[in-house]
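One structure is given below, encoded as structure tokens.
The values are calculated or read from the model by the stated rules, or taken from the named source; none is laboratory data. On a predicted model such as this, the values are computed, not experimentally measured, just so you know. Cβ atoms come from the backbone with ideal geometry, glycine included; neighbour counts cover every protein chain shown.
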Amino acid sequence: MQPLKALTLSIGNIETPVITKYQLGLLVHRLYCQKKYDGEPVNLHKPYADSADFNKYLKQLLGEGVLSQRRDLPSGVYTLLGSTRWEAEDATCTIDPFCYLSHLSAMSYHGITDRIPIKLFVSSPGSIDWKAYAQERMRKDLKEGFDFYIEGGMPRLQRIGFKKVGRVDVHCFNSVHHGAYKNVKNRTLRVSTIGRTFLDMLRNPELCGGINHVLDVFEEYGKRYLRLITDEIDTNGKKIDKVRAGYILDERLQIKNDVIDGWSKFAQRGGSRKLDASAEYKPEWSDKWCLSLNVFE
């Protein structure tokens, strides 16, 4: 079997809506290592592929229409033959393998908001952590072939900068706290868990429809998801997160709970803590939680 045919068949088995240069590089590398596809020998003689081999096959795949470049996708990202319809969420999670839907997009996915996001909100690690994750992923993907892959100048797993996928604007939130997320079955999609979504609502209400909407969502769904919310905030929340959640759950929702009551010890008297960190201070407060209730109608 000719290498181009084997690559084409390999690409046909991919379940992602788009493919990056790194993903294609893995296919080329594995084909050279195994020298067979589906039990049939492939006409290859070099032990490992190099950048010249990669560029040759990329050009051929583009020429044959197996891969296509689109202006509404970042450079180095290609659509697959027959993949005419794809969701921006899935494509984004393919382009950045360490990101996940968060904030208002996660709220929409979980059905806890009536707002329809006009842009896609995702969270991804900061630059240093992203590079460390990428190095770890490459070593896992390539195993003993890692050094040969690097020496051959093959495409590395690198962060691709983008602010738009298709017609959808993408807002990427970089955080030192890589949140809890779940993989969505039968999709190339990751989304923050319910508990993490509520924690993100406290930390960045401006990315979640604003503090008034956040309060509405807590009031409508807080009791339903109480255990998930308290578990997440108790484990991963900072002191101020626990104070904000404590005020909402205790004083606004009137929930009596030992975990929530325990958070009151983090209230800081004499401070200038605010319910909404992104808004200005307001001289109205909770005595128990020592929190400025800076909610503006």
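Quick look at the numbers
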read-out	value
Looking only at the range 11-30, and only at residues there that are under 12 Å from LEU142 (Cα atoms) and of a type outside the set (Val, Ile, Thr), the one that is surrounded by the most Cβ atoms within 10 Å (Cβ to Cβ)	GLY25
Tally, over the range 51-73, of residues that are crowded, with 17+ Cβ neighbours inside 10 Å and under 27 Å from the mean Cα position of the chain (by Cα)	2
Filtered residues of the range 245-292 (kept if among the β-branched types (Val, Ile, Thr), surrounded by fewer than 20 Cβ atoms within 10 Å (Cβ to Cβ) and assigned to a helix (DSSP H, G or I))	VAL259
Test: residue in the range 144-165 that is surrounded by fewer than 19 Cβ atoms within 10 Å (Cβ to Cβ), farther than 30 Å from GLN69 by Cα and over 20 Å from the mean Cα position of the chain (by Cα)	yes
Hits in the range 176-193 (condition: farther than 21 Å from LEU26 by Cβ, of a type in the set (S, T, N, Q) and surrounded by fewer than 16 Cβ atoms within 10 Å (Cβ to Cβ))	ASN186
Tabulated pairs, the range 88-112, first in the same structural domain as ASP216 (by TED's automatic domain parsing) and assigned to a helix (DSSP H, G or I), second surrounded by fewer than 19 Cβ atoms within 10 Å (Cβ to Cβ) and not β-branched (Val, Ile, Thr), C-beta under 6 angstrom, 6+ apart or interchain	none
In the range 261-297, the residues that are touching a helix residue (DSSP H, G or I) at 6+ places or on another chain (Cβ under 8 Å) and among the basic types (Lys, Arg)	ARG273, LYS288
Condition check for LYS242: loosely packed, with under 15 Cβ neighbours inside 10 Å and not aromatic (Phe, Trp, Tyr)	no
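For every residue, the table says whether it meets (1) in contact with a His (Cβ under 6 Å, 6 or more places away or on another chain); (2) among the aliphatic types (A, V, I, L, M); (3) within 19 Å of MET138 (Cβ to Cβ).
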{"position": "LEU7", "(1), (2), (3)": "no, yes, no"}
{"position": "GLY39", "(1), (2), (3)": "no, no, no"}
{"position": "ASN43", "(1), (2), (3)": "no, no, no"}
{"position": "ASP96", "(1), (2), (3)": "no, no, yes"}
{"position": "GLY111", "(1), (2), (3)": "no, no, no"}
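For (1) in contact with a strand residue (DSSP E or B) (Cβ under 6 Å, 6 or more places away or on another chain); (2) among the acidic types (Asp, Glu); (3) more than 30 Å from LEU202 (Cβ to Cβ), each residue gets a yes or a no:
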{"position": "THR8", "(1), (2), (3)": "no, no, yes"}
{"position": "ASN13", "(1), (2), (3)": "no, no, yes"}
{"position": "VAL42", "(1), (2), (3)": "yes, no, yes"}
{"position": "PRO47", "(1), (2), (3)": "no, no, yes"}
{"position": "LYS56", "(1), (2), (3)": "no, no, yes"}
{"position": "SER75", "(1), (2), (3)": "no, no, yes"}
{"position": "THR79", "(1), (2), (3)": "yes, no, yes"}
{"position": "CYS93", "(1), (2), (3)": "yes, no, no"}
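To keep it simple, each residue is scored yes or no on (1) part of a helix (DSSP H, G or I); (2) among the small types (Gly, Ala, Ser); (3) under 19 Å from GLY126 (Cα atoms).
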site	(1), (2), (3)
PHE173	no, no, yes
GLY195	yes, yes, no
LEU215	yes, no, no
THR230	yes, no, no
ASP234	yes, no, no
VAL243	yes, no, no
